[in-house]
Each structure stands twice: as C-alpha cells, then as structure tokens.
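Values in this text are rule-based calculations from the coordinates and carry no lab data. The shown structure was predicted, so the numbers you read here are calculated from the model rather than taken from an experiment. Please note: Cβ atoms are built from the backbone with ideal geometry, for glycine as well, and neighbour counts cover all protein chains shown.
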Amino acid sequence: MTFLGMVYFLCRRPDGTFIPFNPIWVLPLIISPMINTTRKFVEHIGLQSTDPILGTRTILPGNAISKLLCYFNFDIAVHGPHHRFPKAQHFELPARLKEYQTSHPELKVPIYSSYTSALISLLPLLWSFPATGNPEDISRQSNDKGDQIPWERTPHS
C-alpha cells in the first residue's frame, strides 16, 4: 500500500491530472541492493582472520570526491574499525584505525585506496576461499547429526 501511495503522490499533478507512471522510477529499487551486496562482498569475503580489522577490507579514499562520498555514507568504507569499535562515531573511524596501526605495527591491515582495487583483490578469493574467518574453524562445521564434516563437502539444502 505504501508503494502505491508513493506512485499516486509522484504521479499526481497539482491540477488533479496524472503523469503516466514511468518504470524507470523503480530502477533505484533494483540497482541499490545490487550495489550494496557488492559492497558487502568486497568488505567481508575471502579474508582469513577473525580479527575485525584484519578480517575486513578497509577503503581509505584518496581524492576529494571519494572522500565526500565516503563521508556521506557514514564512512562505512573504513570497515575494520567499524567492526572493532562499534560505538565510535563515523568520523572517528579513520583516527581509530591509525591508533590501531600504531599500537600493532606488526600487523598488515588490508587497506585499499578504492573499491575497485579491493574488488580486484577479492575476485580470485570468490573461488578459492568464498567465506570469512579462520579456515580451520570453518572446516570444523558439523551436520545435523553433530558429525564433523569438511567445509568443501558441506551439503547444500
């Protein structure tokens, strides 16, 4: 009913006549979930760590337009600190990441300058390790009977 109300509101002119419904208006409803799913895959899939910062890809944009887009998306691209410090405000995340890197200089944090470079690093992992976390933990999954079964042979329902 809400959708029909929106269509009625958008199609009705002030003089009471109606604009024909344009199917292109629903295009954002189709495209935005695909973009969001791709973003979630890029940020989470294929990294073999249970640490929130090491187990996610963080994008620190370099140019002004990317920084502006990142800001208006509440810095969700600064993804590792988003998981490590869930109560931090979005504009605090880059500083939190620098603090973490300073206190753990031995760790190699997966940081990228763009979603494109992060996506390129993800693509081979979609086939070799399409999961998140520690592979040993994943391989110890159990079936309905409680038997330990290898991850590669997990039955699909």
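Give the residue, chosen from Ile35, Ile111, that is in contact (Cβ under 8 Å) with a residue 24 or more places away in the chain and under 16 Å from the mean Cα position of the chain (by Cα).
Values: Ile35 fails: in contact (Cβ under 8 Å) with a residue 24 or more places away in the chain.
None of the other options fit; the residue is Ile111.
Would you confirm, using the coordinates I've provided, whether Arg57 is among the basic types (Lys, Arg) and farther than 18 Å from Thr37 by Cβ? Step through it out loud before you land on a result.
Numbers: among the basic types (Lys, Arg): yes; farther than 18 Å from Thr37 by Cβ: no.
So Arg57 does not fit the description; no.
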> Which members of region 88-107 meet the condition of being assigned to a loop (DSSP other than H, G, I, E, B) and without any contact (Cβ under 8 Å) to a residue 40 or more places away in the chain?
Replying inline: Ala88, Gln89, His104, Pro105, Glu106
> Restricting region 31-56 to residues that are surrounded by fewer than 16 Cβ atoms within 10 Å (Cβ to Cβ) and of a type in the set (Val, Ile, Thr), which is farthest from His83 (Cα to Cα)?
Replying inline: Ile31
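Residue-by-condition table, conditions (1) at positive phi; (2) within 19 Å of the chain's Cα centre (by Cα); (3) part of a loop (DSSP other than H, G, I, E, B):
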| site | (1), (2), (3) |
| --- | --- |
| Gly5 | no, no, no |
| Gly16 | yes, no, yes |
| Leu27 | no, no, no |
| Gly55 | no, yes, yes |
